[in-house]
Amino acid sequence: QVQLVESGGGLVQPGGSLRLSCVASGRFRNIYNMGWVRQAPGKQRELVAIVNGGSTNYGYAESVKGRFTISRDNAKNTVYLQMNRLKPEDTAVYYCNADIRALFTTENYWGQGTQVTVSS
């Protein structure tokens, strides 16, 4: 019914930048909150950034404030994560997630993730 597909991950050196994208496709009525969650081996899952449907409210993990920026384009059903001044500790699989109303019920959807590796 609904799919989220991430792209933009890769290998970068410390201090570099990456821009992640996540596109929602399928049959749905509304997309509410969209966000990015990362998972690194041996670490707890961490909510990195989130934005509401109207792009009026934003939230960031303390570890990425000032370096990451989340944005969305509702006409394209897409959310972005601009990551600057990347650090080795940012290495993780980054998942897109969104609250989507297909008809009457709102469900939380996840993408399959994109790998971000920060290493020299």
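The values are calculated or read from the model by the stated rules, or taken from the named source; none is laboratory data. This is a predicted model, so every value here is computed, not measured. No Cβ is skipped: glycine too gets one built from the backbone with ideal geometry, and neighbour counts run over all protein chains shown. Only protein heavy atoms, including side chains, enter the accessible area calculation; ligands, DNA and RNA are left aside. Shrake-Rupley method; radii C 1.70, N 1.55, O 1.52, S 1.80 Å.
Structure values in brief
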item: Selection of chymotrypsin sites (Phe, Trp or Tyr not before Pro), the range 45-120, meeting DSSP coil and at most 15 other Cβ within 10 Å; result: PHE104
item: Radius of gyration and maximum dimension Dmax of the range 66-113, Cα, Å; result: 13.6, 42
item: Kirkwood-type radius of the range 19-67, with distances r between different C-alpha atoms, in Å; result: 12.6
item: ASP73, ASP90, reordered so the largest accessible area comes first (probe 1.4 Å); result: ASP73, ASP90
item: Relative contact order of the range 13-67, defined on C-alpha pairs under 8 angstrom at six or more residues apart (%); result: 23
item: Among SER21, SER63, SER71, residue whose mean-square fluctuation peaks in a GNM of the chain (springs only between Cα atoms under 10 Å); result: SER63
item: Sparsely packed GluC sites (Glu not before Pro) within the range 44-120, loop by DSSP, other Cβ within 10 Å at most 13; result: GLU62
item: Residues with amide H under 5 Å from that of ASN33, placed H, sequence gap 5 or more; result: GLY53, ASP99
item: Nearest-10 value in Å² for the accessible area of LYS87, using the 1.4 Å probe; result: 80
item: Cα-centre dipole for the chain with unit charges at Cβ (Lys and Arg positive, Asp and Glu negative), debye to 20; result: 140
item: Along each principal axis, Cα extent of the chain, largest first, Å; result: 47, 26, 24
item: Inter-label distance for SER55 and GLN82, nm, one decimal - labels placed 7 Å from Cα along Cα-to-Cβ; result: 1.1
item: Euclidean distance of C-alpha centroids, the range 1-67 and the range 81-120, integer Å; result: 4
